[in-house]
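Since the structure comes first, as structure tokens, the remarks are kept for the end.
The values are calculated or read from the model by the stated rules, or taken from the named source; none is laboratory data. These numbers come from a predicted model, not from an experiment. Positions of Cβ are backbone-derived with ideal geometry, glycine not excepted, and every protein chain shown enters the neighbour counts. Note: areas computed on protein heavy atoms with side chains; ligands, DNA, RNA excluded. Shrake-Rupley method; radii C 1.70, N 1.55, O 1.52, S 1.80 Å.
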Amino acid sequence: MSFTNEQAQAIHKLYPQAVRTASDIAYDKDGNEVAYDKAAVEAYIAANAYKAQRAAEYPSFADQFDTLYHGGYDAWKAQIQAIKDKYPKGATE
């Protein structure tokens, strides 16, 4: 089984000595295996899932600037806050 992109990123974040991942093994700079806690990796992914969910739903910068120009700061802030409320930090489904 191979790591998903999210798993590989979580391993690199949680275990900085891991510089490469292949299949389901993490390696340090010398090619030695790095032991990692799969539950910790999955918990990290779950706790940070809101970032990708928000990024996918935020309007493009062009659309955000259009909202600022036509609706003002309060309209832009409400638009962004609605997405932040939909995907709060640390919430898991």
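Which whole-number value in Å² is the accessible area per residue of region 1-85, probe 1.4 Å?
Working: 5810 Å² over 85 residues.
Per residue, region 1-85 has an accessible area of 68 Å².
Carbon and sulfur: what percent of the chain's accessible surface (1.4 Å probe)? Don't jump to the answer; show the numbers that get you there.
Values: 3550 of 6550 Å².
About 54 percent, which is the carbon plus sulfur part of the accessible surface.
Pairs Lys29/Lys84; Lys29/Lys86; Lys38/Lys84: which are spaced more than 31 Å apart, C-alpha to C-alpha?
Numbers: Lys29/Lys84 38 Å; Lys29/Lys86 40 Å; Lys38/Lys84 28 Å.
Over 31 Å Cα-Cα: Lys29/Lys84; Lys29/Lys86.
For Gln64 and Lys51 in one chain, what is 0.36 nm times their gap in residues minus the Cα-Cα distance, to one decimal in nm? Could you put the intermediate results ahead of the total?
Values: separation 13, 0.36 × 13 = 4.68 nm, distance 1.80 nm.
Once the chain is fully extended between Gln64 and Lys51, it gains 2.9 nm.
Per DSSP H run of at least 4 residues, take -39500 (n - 2.57); add these up for the chain, divide by its residues and hand me the 222 nm value, nearest 500 deg cm²/dmol. Walk me through the intermediate numbers first.
Numbers: 3 runs with 56 residues, N = 93.
Theoretical 222 nm ellipticity from helices: -20500 deg cm²/dmol.
Just to be sure I understand, if you calculate Kirkwood radius over Cα pairs in Å for this structure, which of [x] 13.6; [y] 17.6; [z] 15.5 do you get?
[z]
Pop the C-beta distance of Gln9 and Gln79 into the FRET formula with R0 = 30 Å and round what comes out to the nearest 0.05.
Numbers: r = 28 Å, r/R0 = 0.93.
In this case the efficiency is close to 0.60.
Please compute the contact order of the chain in relative form: average sequence separation of alpha-carbon pairs under 8 Å and at least six residues apart, divided by the residue count, as a percent.
Working: 81 pairs, mean separation 22.0, N = 93.
Once divided by the residue count of the chain, the mean separation gives 24 percent.
Just tell me which aspartates and glutamates come within less than 17 Å, Cα to Cα, of Lys13; anything on the same chain fewer than 8 places away is out.
Leaving aside aspartates and glutamates fewer than 8 places away in the same chain, those within reach of Lys13 are Asp24, Asp28, Glu33, Asp37, Glu42.
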